Amino acid sequence: MPKITKNKKKITKTKLKKVVKPKETKKAPLKISKTYVPKDTEKYMSEKHKAYFKIKLQEWRKELVKANNEALYNGSMDDNSISADIVDQASSYTDKNVEMKAINRQIKLISEINKALTRIKDDTYGYCLDTAEPIGLKRLMARPIAKYTIAAQEKHEKNEKVHAED
């Protein structure tokens, strides 16, 4: 049977400095009035601006989801494709096709809204993804999911047009 021996090293006590980590505080969402509109005189993409656009994007997303759900529900209830008349069947098919394309566009838009909300969290919202320049309040008010300045957007669209022709 093996003999167990204890290692008798002298343990010296050293003063350990207690590392105090600052408590991570979650910022309470900034409350803004329903009539608030961002102004150019305020600091660009201040907390007020971000809160305003976050609310605007969330409400827009909620409306789109509600509209999609209603369209899908009403579309499934309104099935005329069983009609005996071939013209009615074709018309119904075309209507459903147009409806589904609209729903698909809205789904892509919801995805863009989610990306914009992520950029708000990352503090990159309101700045061009290409140039890192401010997009501008007027542009964001008109298109809250804008990712590029007008000049950069035009450049992207021009490139898409060139590649589409290839």
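The values are calculated or read from the model by the stated rules, or taken from the named source; none is laboratory data. Here the structure is a predicted model, which means the values were calculated and not measured. Please note: Cβ atoms are built from the backbone with ideal geometry, for glycine as well, and neighbour counts cover all protein chains shown.
Could you check segment 132-165 and list, in sequence order, the residues that are under 20 Å from L117 (Cα atoms) and not aliphatic (A, V, I, L, M)? First the steps, then the outcome.
Start the filter on segment 132-165 by keeping residues that are under 20 Å from L117 (Cα atoms), which leaves 132-149, 153.
Across segment 132-165, the qualifying residues are E133, P134, G136, K138, R139, R143, P144, K147, Y148, T149, Q153.
Just to be sure, is N68 modelled with pLDDT under 95, exposed (fewer than 12 other Cβ atoms within 10 Å of the Cβ) and part of a helix (DSSP H, G or I)?
Details: modelled with pLDDT under 95: yes; exposed (fewer than 12 other Cβ atoms within 10 Å of the Cβ): no; part of a helix (DSSP H, G or I): yes.
Judged against the criteria, N68 is not a match.
Exposed (fewer than 12 other Cβ atoms within 10 Å of the Cβ), more than 29 Å from E133 (Cα to Cα) and at pLDDT 90 or above, is that true of K39?
Details: exposed (fewer than 12 other Cβ atoms within 10 Å of the Cβ): yes; more than 29 Å from E133 (Cα to Cα): no; at pLDDT 90 or above: yes.
The answer is no for K39.
Hey, does segment 56-65 have a residue that's in contact with a strand residue (DSSP E or B) (Cβ under 9 Å, 6 or more places away or on another chain), hydrophobic (A, V, I, L, M, F, W, C), under 16 Å from A116 (Cβ atoms) and touching a residue at least 24 places away in the same chain (Cβ under 8 Å)? Please lay out each step first, then the result.
Narrowing segment 56-65 to residues in contact with a strand residue (DSSP E or B) (Cβ under 9 Å, 6 or more places away or on another chain): none.
Looking through segment 56-65, none of the residues is in contact with a strand residue (DSSP E or B) (Cβ under 9 Å, 6 or more places away or on another chain), hydrophobic (A, V, I, L, M, F, W, C), under 16 Å from A116 (Cβ atoms) and touching a residue at least 24 places away in the same chain (Cβ under 8 Å).
Among the residues of segment 116-166, how many are in a helix (DSSP H, G or I), without any contact (Cβ under 8 Å) to a residue 40 or more places away in the chain and either more than 13 Å from the chain's Cα centre (by Cα) or surrounded by 12 or more Cβ atoms within 10 Å (Cβ to Cβ) (or both)? Steps first, answer last, please.
Our first condition is that a residue be in a helix (DSSP H, G or I); within segment 116-166, this holds for 116-121, 137-142, 150-165.
Next, only the ones that are without any contact (Cβ under 8 Å) to a residue 40 or more places away in the chain stay: 118-119, 121, 138-139, 142, 150-165.
From the residues that got through so far, the ones that are either more than 13 Å from the chain's Cα centre (by Cα) or surrounded by 12 or more Cβ atoms within 10 Å (Cβ to Cβ) (or both) too are 119, 138-139, 142, 150-165.
Of the residues in segment 116-166, 20 are in a helix (DSSP H, G or I), without any contact (Cβ under 8 Å) to a residue 40 or more places away in the chain and either more than 13 Å from the chain's Cα centre (by Cα) or surrounded by 12 or more Cβ atoms within 10 Å (Cβ to Cβ) (or both).
Among the residues of segment 1-23, is there at least one that is within 20 Å of the chain's Cα centre (by Cα), modelled with pLDDT under 75 and either among the polar types (S, T, N, Q) or within 30 Å of I120 (Cβ to Cβ) (or both)?
To start, the set of residues in segment 1-23 that are within 20 Å of the chain's Cα centre (by Cα) comprises none.
No, segment 1-23 has no match at all.
Given the conditions (1) farther than 20 Å from Q153 by Cβ; (2) exposed (fewer than 11 other Cβ atoms within 10 Å of the Cβ); (3) at pLDDT 95 or above, and given that K108 satisfies all but one, which numbered condition is not satisfied?
Every listed condition holds for K108 apart from (1).
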